[in-house]
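Each remark here refers to the structure printed beneath this line.
The values are calculated or read from the model by the stated rules, or taken from the named source; none is laboratory data. Since the structure is predicted, the reported quantities are computational estimates derived from the model, not experimental observations. A quick note on method: Cβ atoms are made from the backbone with ideal geometry, for glycine too, and the neighbour counts reach across all protein chains shown. Protein only, heavy atoms only, side chains kept; ligands, DNA and RNA dropped before computing areas. Shrake-Rupley method; radii C 1.70, N 1.55, O 1.52, S 1.80 Å.
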Amino acid sequence: MLKLNYKIRAFLLLTIAAIFSLIISSYSPFDPSFNVVGNNHVNNLLGVIGSYISDLMLQYIGYASYLICLLLINWSYILYRNQSIDLWKTRLALGVISVMLFAMLASEIYLPIKFDISNLGGVFGAICNIYIKNLLLLPYHSLVMSILFIIAFTACLGYRAEEYMTIMNKFIYVIKSMIAKVIVRAATREDAII
């Protein structure tokens, strides 16, 4: 019975993630929303409700909205494997913090072209980023925010320590094999030159 409960929760989280992904990816600045008035044709796949939700999410937190979908998919995967998400309230809080940090980092990206939304980090990301810059006066605030984001995001994923170690060992193996391939290529080029 407990396994079925995990599967149902996993399915619900995956469904919510899929709906949010559809809403955000089908965003159009011309859809009716809080910023656009009129009886325009709705391009959002979930209709008028989807256009309002996508407008709110993208205007306020920008493309950090996709991070919410990614977190929901990850938590769905953990529940699907019949595992509980330990310290779920803490992980949820860290998820909110990581979304906020990602929005602030995305607001640092400058695009010279006109984009669908005014800022990749949304209004929230832009305002918080300016506030943090002026408040803390850190010389490398983007680097500090990046490190904090990586820590918060990694902690909110919900994996156990053994799983993190397995992932880290696989990552180190891939890096070592890539370095070995580069060394072999460099050695064969030197041999070809001689």
Review point. Is it possible to state the helix-based mean residue ellipticity at 222 nm for the chain, with each DSSP H run of 4+ residues giving -39500 (n - 2.57), the sum divided by total residues, to the nearest 500 deg cm²/dmol? What is it?
Key: -24500 deg cm²/dmol
Practice item. Take the solvent-accessible surface of the protein heavy atoms, probe 1.4 Å, and return the percent of it on the chain that carbon and sulfur atoms account for. Key: 73
Check your understanding: Once label points are set 7 Å from the Cα along Cα→Cβ at both Leu136 and Leu22, what is their separation, rounded to one decimal in nm?
Key -> 3.9
Review point. So, in Å, what gap is there between the alpha-carbon centers of the range 55-105 and the range 9-24?
Key: 12
Revision key, fill the gap. Regression test value, accessible area per residue of the chain, probe 1.4 Å, units Å², expected 66
Review point. How many nm is it between the label spots at Phe11 and Val174, if each spot is 7 Å from the Cα in line with the beta carbon?
Key: 3.2
Review point. Let a ≥ b ≥ c be the square roots of the eigenvalues of the Cα gyration tensor of the range 135-194; is it rounded (a/c under 1.5), or, if not, prolate (a/b larger than b/c) or oblate?
Key: oblate
**Study point:** Shape parameters for the range 2-69, alpha-carbon atoms, Rg then Dmax in Å
**Key:** 14.2, 49
Point to revise | Spatial extent of the chain: Rg and Dmax, with the Cα atoms as the point set, Å | key: 21.3, 73
